[in-house]
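The values are calculated or read from the model by the stated rules, or taken from the named source; none is laboratory data. From a predicted model like this one, the values you see are computed outputs, not experimental measurements. Please note: Cβ atoms are built from the backbone with ideal geometry, for glycine as well, and neighbour counts cover all protein chains shown.
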Amino acid sequence: MGPFEGRSISVVRDLSLDEQLYLFQKTREIKKGLKQGEDVEKYRIKDLDLAVYLMFLEDSTRTKESFRNAARFHRVTVIGFDAGSSSFNKNESLTDTVKMLVGYNQRTVFVLRTTLEGVTRHLETYIGEYARQNGIWVPSFINAGDGRHEHPTQEFLDQFTFLESLDWRRDFIHLALVGDLFHGRTVHSKVEGLRIYDKVKLDLIAPPDLEMPVQYVEKMHAYGYEVRQFKSIDEYLEISDKARLWYFTRLQLERMGDKIRDRELDLRKSVTLVPAHIGLLPEGTKLYHPLPQNRLYPEIPEYLAATPLNGWDTQSQNGFYTRIALLGMVSGKFGSDFNGRLREQVSYEADFIHEVTVNTSSKKEDFKTGIKLLSDGTVIDHIGIGLSIPEIWRLIDLIRRKLGLDYKSSHGVFDNSSGSHVKGIISIPGDFNLDDRQVKMLAALSPGCTVNSIRGNNVIRKIRLSVPPRIYNFSEAVCRNENCISRTQWREPVQSEFYRSRNRDTFVCKYCDREHRFREIWENL
Ligand code: NCD
């Protein structure tokens, strides 16, 4: 079994940088082999018990057909799933559908394109578990574009294409992204895809309505990219230091609200290349586009197809070779000669519990239950710091319910000792301690709170909780992205789950990568 067998690709970073470079290396060998008529037999999987299921629930030509042909190259079984006449129309869930399909073949690779975001991550988790429990080969799920989120296989072929034009040098890339940077998933995937270069200079060209979402721009900065933003091609062409590689995307009208769509022609103007621009392009410019182009309003004028500016035809051909390599990897055919770094498994240390030294000589804290002084018991203090009074009351209620605090006890909202803010307190008398599960839940619900254990009128232990690395198992925690597969309205069996971001300020949805401030996760707080 190769290091990539059974792996799913939901986002670009599901392959480590070394794994991406390996993919490019394999792609290069296969492309050369096919172009030069060499013997490519050794690259084929040749196994009819392996099925590649093409589940395209959104339109596609290039991605779907290049995967179909890549699968044919491998001499495996290719199945085109007919979404239009399937039981989706009888309201069957996608999860149930896929669960059934994994039983039909010995090994399955699913290639999915969906409007909902995070679908392949969900299936990887859910169906992966099901397959392991039932002794079925764990299928791979490849994201072929999910809503506005990501399009990792397009990213791999784009980077392969750029590398080809840079003669495989990875020390520096200067790239212009032009068009609908707000809705286009292919440009969102660039943030991660460009990490293979030592130095990245990125020019973002889009009118304000179609600007790159700020969370992606922030990430680009965090990765050390030099980023410049321009409102139109006209504005960009005035500067002297222009990119030689231009990447266009079409206006994603199907993802726009009516308000923006009404201004379509205006928006187009700022990101459409016209004959007057051509003379201003730097020497050796190459134009790329994931395609399709709108035939009525092409972003790149048709006549340029027959000029050296045309980089997009090679780019779309590269989709075929890259996908051959990717299928070879996730099926286990390629990988025995890989000796780079594998994708890192994230570990979640329990670093959210901090012991606070209890100073017995200083002034004693007097905790109460109701009006009675508490001599023995547990007090959860500093609940909901920073929230409003009604929010703290709701939070107290949520904490009591989730932790199952059905004991004789009291709670309330009070001023803190200096009177600078309000806080909630829950006080439970008796020989009672929170267990690990309750502590974890409490940290997720109210980071910053303290848990005081009181025995014989003394605080014998005090812990302060900070935000945990992972929040899961709470039906009250909800991703704000309406198009995320984890939202209950989509009726798929998905539990929402969030990861603390590296800078610890935000929480990222496991499925669609939407970032949230801590409070945003909690519904109705
Ligand atoms: C892109 C996509 O579907 O995201 N197309 C593609 O896969 N080649 C870009 C687009 O639809 O504009």
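Which one is surrounded by the most Cβ atoms within 10 Å (Cβ to Cβ), of the residues in region 334-351 that are of a type in the set (Gly, Ala, Ser) and at pLDDT 75 or above?
Gly335
Which one is surrounded by the fewest Cβ atoms within 10 Å (Cβ to Cβ) among residues in region 198-221 that are touching a residue at least 40 places away in the same chain (Cβ under 8 Å) and of a type in the set (A, V, I, L, M, F, W, C)?
That would be Leu210.
Hey, can you tell me all the residues within region 90-118 that are among the β-branched types (Val, Ile, Thr), within 18 Å of Arg487 (Cα to Cα) and in contact with a helix residue (DSSP H, G or I) (Cβ under 7 Å, 6 or more places away or on another chain)?
Selection gives Thr95 alone.
Consider region 117-167. How many of its residues are of a type in the set (A, V, I, L, M, F, W, C), in contact with a Leu (Cβ under 9 Å, 6 or more places away or on another chain) and within 13 Å of the ligand (Cβ to nearest atom)?
The number of residues fulfilling the criteria is 3.
For Lys42, all conditions in the list (1) away from the ligand (no atom under 16 Å from the Cβ); (2) assigned to a loop (DSSP other than H, G, I, E, B) hold save one; what is the number of the exception?
Checking Lys42 against (1) away from the ligand (no atom under 16 Å from the Cβ); (2) assigned to a loop (DSSP other than H, G, I, E, B), the one that fails is (2).
Do we find a residue being hydroxyl-bearing (Ser, Thr, Tyr), surrounded by 20 or more Cβ atoms within 10 Å (Cβ to Cβ) and without any contact (Cβ under 8 Å) to a residue 60 or more places away in the chain anywhere in region 252-274?
There is at least one residue in region 252-274 that is hydroxyl-bearing (Ser, Thr, Tyr), surrounded by 20 or more Cβ atoms within 10 Å (Cβ to Cβ) and without any contact (Cβ under 8 Å) to a residue 60 or more places away in the chain.
Quick check, is Asn457 surrounded by fewer than 18 Cβ atoms within 10 Å (Cβ to Cβ), within 30 Å of Asp366 (Cα to Cα) and either in contact with a strand residue (DSSP E or B) (Cβ under 6 Å, 6 or more places away or on another chain) or not aromatic (Phe, Trp, Tyr) (or both)?
yes
Mind checking which residues of region 184-205 are in contact with a His (Cβ under 9 Å, 6 or more places away or on another chain), of a type in the set (D, E, K, R) and outside any strand (DSSP E or B)?
Passing the criteria: only Arg185.
Select from region 286-323 the residues that are among the aliphatic types (A, V, I, L, M), surrounded by fewer than 15 Cβ atoms within 10 Å (Cβ to Cβ) and at pLDDT 95 or above and list them in ascending order.
Listed by number, the residues that qualify are Ala305, Ala306.
Please verify whether Val191 is free of Cβ contacts under 8 Å to residues at least 24 places away in the same chain and not polar (S, T, N, Q), treating the condition exactly as stated.
No, not satisfied.
Residues of region 227-281 being within 16 Å of the ligand (Cβ to nearest atom) and not hydrophobic (A, V, I, L, M, F, W, C), which ones?
Passing the criteria: Tyr247, Thr249, Arg250, Gln252, Glu254, Arg255, Arg261, Glu264, Arg268, Thr272.
I'd like to check which strands (runs of 3 or more DSSP E) are fully inside region 67-183 and have at least 3 residues that are in contact (Cβ under 8 Å) with a residue 40 or more places away in the chain, farther than 17 Å from Leu15 by Cβ and not aromatic (Phe, Trp, Tyr).
Counting at least 3 such residues, we get 107-114, 172-179.
Looking only at residues that are of a type in the set (A, V, I, L, M, F, W, C), touching a Lys or Arg at 6+ places or on another chain (Cβ under 7 Å) and in contact (Cβ under 8 Å) with a residue 40 or more places away in the chain in region 307-345, which one is farthest from Arg62 (Cα to Cα)?
Phe334
Cβ-Cβ distance below 7 Å, separation of 6 or more or different chains: which pairs start in region 488-500 with a residue that is surrounded by fewer than 16 Cβ atoms within 10 Å (Cβ to Cβ) and end on one that is in a loop (DSSP other than H, G, I, E, B)?
Arg491/Ser93; Gln495/Asn473
Find the residue count for region 45-66, including only residues that are assigned to a helix (DSSP H, G or I) and either away from the ligand (no atom under 16 Å from the Cβ) or without any contact (Cβ under 8 Å) to a residue 24 or more places away in the chain (or both).
Number of matching residues: 1.
Going through region 206-217 one residue at a time, which ones are within 16 Å of the ligand (Cβ to nearest atom) and not in a loop (DSSP other than H, G, I, E, B)?
Leu210, Tyr216
Which helices (runs of 4 or more DSSP H) sit wholly inside region 218-294 and have at least 3 residues that are under 27 Å from the mean Cα position of the chain (by Cα) and of a type in the set (A, V, I, L, M, F, W, C)?
Of the helices (runs of 4 or more DSSP H) lying wholly inside region 218-294, none has at least 3 residues that are under 27 Å from the mean Cα position of the chain (by Cα) and of a type in the set (A, V, I, L, M, F, W, C).
Pairs please, first residue from region 417-435 and of a type in the set (D, E, K, R) and surrounded by 12 or more Cβ atoms within 10 Å (Cβ to Cβ), second anywhere and in a loop (DSSP other than H, G, I, E, B) and modelled with pLDDT of 90 or more, Cβ atoms under 7 Å, 6+ apart in sequence or on different chains.
Listed by first residue and then by second, the contacts come to Lys423/Gly384.
When you go through Val78, Val111 one by one, which is the residue that is in contact with a strand residue (DSSP E or B) (Cβ under 9 Å, 6 or more places away or on another chain), surrounded by fewer than 22 Cβ atoms within 10 Å (Cβ to Cβ), under 26 Å from Ile45 (Cα atoms) and of a type in the set (A, V, I, L, M)?
Val78
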